Structure formats: structure tokens, C-alpha cells
């Protein structure tokens, strides 16, 4: 029981030390770019904020690359 309690406390401590960044829904601004309206969100980290784009095409149009994508978008 003591091991379970210690592991639980350590786990909560790890979660509380995580750095959470605000998430903003990005609005594509490049009028020359044409993307589908498919909603398959991708997120990129930039300037202390996580930007959520509706799909990879919209992120590419704003100058982001596949290397800029983060693994998982935070829940909405």
C-alpha cells in the first residue's frame, strides 16, 4: 500500500510540474493557398502558444513543416 501511495504522489507531482501552453485555433491567412475543409487537426508549437490548424494543408500554407507538428493536439 505504501508503494502505491508513493507512486501515486510522484505521478501527481510529475503532472503538476508539466508546462501547459495555451492552445489557439489558428485561422489561415494566406489567400493564395487552397485547402479542403477536411477537419483533421494538427498542432504546432510557436511563440509560447500551441496553434491548432484544421488540417495539415492549412499549417503548410502558413509556413509550418511536418517537423513543426507536435505529436498530439490537446483536447478542445
Breaking point among (1) touching a strand residue (DSSP E or B) at 6+ places or on another chain (Cβ under 9 Å); (2) modelled with pLDDT of 85 or more; (3) assigned to a loop (DSSP other than H, G, I, E, B), for residue 58: (3)
Criterion: modelled with pLDDT of 85 or more, in a loop (DSSP other than H, G, I, E, B) and surrounded by 10 or more Cβ atoms within 10 Å (Cβ to Cβ) - qualifying residue of 51, 64: 64
Pick from the range 25-44, criterion assigned to a strand (DSSP E or B) and surrounded by 13 or more Cβ atoms within 10 Å (Cβ to Cβ), ranking: nearest to the chain's Cα centre (by Cα): 43
Where a residue in the range 47-76 is farther than 14 Å from residue 29 by Cα and its partner, wherever it lies, is loosely packed, with under 10 Cβ neighbours inside 10 Å, with Cβ under 6 Å and at least six apart: 49/22
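The values are calculated or read from the model by the stated rules, or taken from the named source; none is laboratory data. Since the structure is predicted, the reported quantities are computational estimates derived from the model, not experimental observations. Backbone-built Cβ (ideal geometry, glycine too); neighbour counts: all protein chains shown.
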